[in-house]
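One structure is given here, and the rest of the page talks about it.
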Amino acid sequence: IIFMLPMLMACGIYSMKGTIPAHIKSISISPIKNESTEFAVVDLVGESINAQMISENILKLTGQDEAHSQLDIIIKSVTDMPYTYSLNTTESEHVDEWKITIRAQVTWSDLKNDELLVDRQLSSFGIYGTGVDISSDGIDNDSDGLTDDEDSDEFGSPRESAVRIAVEKITELIINEITSTW
């Protein structure tokens, strides 16, 4: 037991450290490029990424000249598509719910070793109804199993809230890509 204890402690420390390569201590986030027609999404994603990086203390945010790594994000598209339909009295279809999808190209580069760590297309979505307020639409707008009063992130106008939800989801995906790289 005495011989096994140091090995278990060493493995515990190693597994708690994370998966980012050891030589990468900082990150530079390039200005986000936008290839969509939804201009506000770029600012929302930028603010969300910066806030997550700071709050989770994943890597030190620095300028490109000082950074060990660089994150590049291109918003490829923001699309609204009908999600659920119903028939009205004239037997024609009516859209009840819409799904807004954000697609982004994410590239994370190791500037020290001149190596590409992540190069992925990611997408996220939010769902919204045709009502006036997302907090009373009866829809699980972010697919977390909670609706309206049960869900703390369902508030405001439906489409804007769905965009915010999709931005939060894509931010989580990007952070997960960085932290689970190696």
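The values are calculated or read from the model by the stated rules, or taken from the named source; none is laboratory data. Just so you know, these numbers come straight off a predicted model, no measurement behind them. Reconstructed Cβ throughout: ideal geometry from the backbone, glycine too, with neighbour counts over all protein chains shown. Please note that ligands, DNA and RNA were not included when accessible areas were found on the heavy atoms of the full protein model with its side chains. Shrake-Rupley method; radii C 1.70, N 1.55, O 1.52, S 1.80 Å.
For the range 84-110, the tally of residues that are among the aliphatic types (A, V, I, L, M) and loosely packed, with under 15 Cβ neighbours inside 10 Å stands at 2. State which residue is farthest from the chain's Cα centre (by Cα) when the search covers only the range 42-78 and only residues that are in a helix (DSSP H, G or I) and aliphatic (A, V, I, L, M). Per the stated criteria, the residue is Ile54. Residues in the range 6-41 that are assigned to a helix (DSSP H, G or I) and modelled with pLDDT of 95 or more: 1 in all. Among the residues of the range 53-83, the ones that are under 17 Å from Ile24 (Cβ atoms), surrounded by 16 or more Cβ atoms within 10 Å (Cβ to Cβ) and in contact (Cβ under 8 Å) with a residue 60 or more places away in the chain come to 3 in all.
To keep it simple, each residue is scored yes or no on (1) more than 29 Å from Ser69 (Cβ to Cβ); (2) touching a strand residue (DSSP E or B) at 6+ places or on another chain (Cβ under 8 Å); (3) modelled with pLDDT of 95 or more.
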residue	(1), (2), (3)
Asp96	yes, yes, no
Thr101	no, yes, yes
Thr107	no, yes, yes
Asn113	no, no, no
Ile127	yes, yes, no
Ile134	yes, yes, no
Leu146	yes, no, no
Thr171	no, no, yes
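Among the residues of the range 111-132, what is the count of those that are touching a residue at least 60 places away in the same chain (Cβ under 8 Å), assigned to a strand (DSSP E or B) and either β-branched (Val, Ile, Thr) or open to solvent by 40 Å² or more (accessible area, probe 1.4 Å) (or both)? Residues meeting the conditions: 1.
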